[in-house]
Ligand code: GLU
Ligand code: ZN
């Protein structure tokens, strides 16, 4: 049985791009007689606004979707800690105290997701008295594993290629995990068999596939769907004032009809759907 999920972060209102993401995940589960889960990704302490989770539920209801709630990330911190401890024990993580400024001063290369960490702290040992982020020793991780592949329903079989990301942060200095670690662990814990999300997270899957192997987690299939773009061809974003679902809901827009229009590929004026 297929299990999909929608995993929004409560750091801003949902917009049409999120609606599309939720609809894709919901409809696939529905068509295949599976489950559709809602997981709130609320471990970004500084930006997280817990009260938004209920707004998100109202948005999904308004779109006519049905879902099952699973535990929010903020209630799963022990599982992140436990996994990080295992990776530390296996020698896969090292502490890093570099500031952003220090990293930029080292003139790092640009990778698929911003700067590639130049490795300044590589090999350092954990010192519990000094708060630090924990980075994955990418060379070591890759040396311990053979070739990995993963399957995207749209793009087909992929050879996992996490190397260009370099030594990514898996535990942030001020947070119990990074997105990569938390989402990978949660998808396994929630029994997600088909990870549905926007094509903007396609590259991150290379890291997630690696983490699954390091942590002995089951390997799902992925479905990276096309993104809704605005008039200028940019992905819709919370910070760019894309109209929120809540605004539309409160202005009397019919959510179910809107969801059906999106399904039929008839997008609000100015928006386009990019192929993944
Ligand atoms: N929480 C992430 C976001 O809001 C989505 C994570 C995922 O789907 O893997 O962008
Ligand atoms: Zn460092």
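Which angle between 0 and 90 degrees, to the nearest 10, do you get for helix 16-31 versus the longest principal axis of the chain when only C-alpha atoms count? On a 0 to 90 degree scale, this one is about 80. Taking the longest Cα principal axis of the chain as reference, the axis of helix 204-215 is set at about 50 degrees.
Each of 35, 261 has some number of other Cβ atoms within 10 Å of its Cβ, and from fewest to most they run 261, 35. For the range 1-61, the relative contact order is 48 percent, taking Cα pairs closer than 8 Å that sit 6 or more residues apart in sequence and dividing their mean separation by the residue count. By the count of other C-beta atoms within 10 Å, a proxy for reagent exposure, 250, 213, 175, 51 are ordered fewest to most as 51, 250, 213, 175.
Counting neighbouring Cβ atoms within 10 Å and putting the fewest first, the residues 193, 272, 99 line up as 99, 272, 193. log10 I(q)/I(0), Debye, Cα-only the chain, no solvent, q = 0.12 Å⁻¹? Here the Debye-derived log intensity ratios amount to -0.79.
With a Förster radius of 45 Å applied to the beta-carbon distance between residue 143 and residue 267, the computed FRET efficiency rounds to 0.45. In the chain, the DSSP beta bridges split such that about 55 percent are antiparallel, to the nearest 5. Take the alpha carbon gyration tensor of the range 227-267, find the square roots of its eigenvalues, order them as a ≥ b ≥ c, and report rounded if a/c is under 1.5; if not, report prolate when a/b exceeds b/c, else oblate. Judged from the Cα gyration tensor, the range 227-267 comes out oblate (a/c at least 1.5, b/c at or above a/b). Expressed as a fraction of 2.2 N^0.38 Å, the C-alpha radius of gyration for the range 51-179 is 1.31.
Computed over the chain, the per-residue total of -39500 (n - 2.57) for DSSP H runs of n ≥ 4 gives a 222 nm mean residue ellipticity of -9500 deg cm²/dmol, rounded to 500.
In the range 80-208, Cα pairs under 8 Å separated by at least six residues give a relative contact order of 26 percent.
Our note on the geometry: Cα centres of the range 251-276 and the range 161-208, 28 Å apart.
Rule-based calculations on the coordinates, nothing more; no lab input. Bear in mind the structure is a predicted one, so any value in this text is a computation, not a measurement. As a convention, Cβ positions derive from the backbone with ideal geometry for all residues, glycine included, and neighbour counts pool all protein chains shown.
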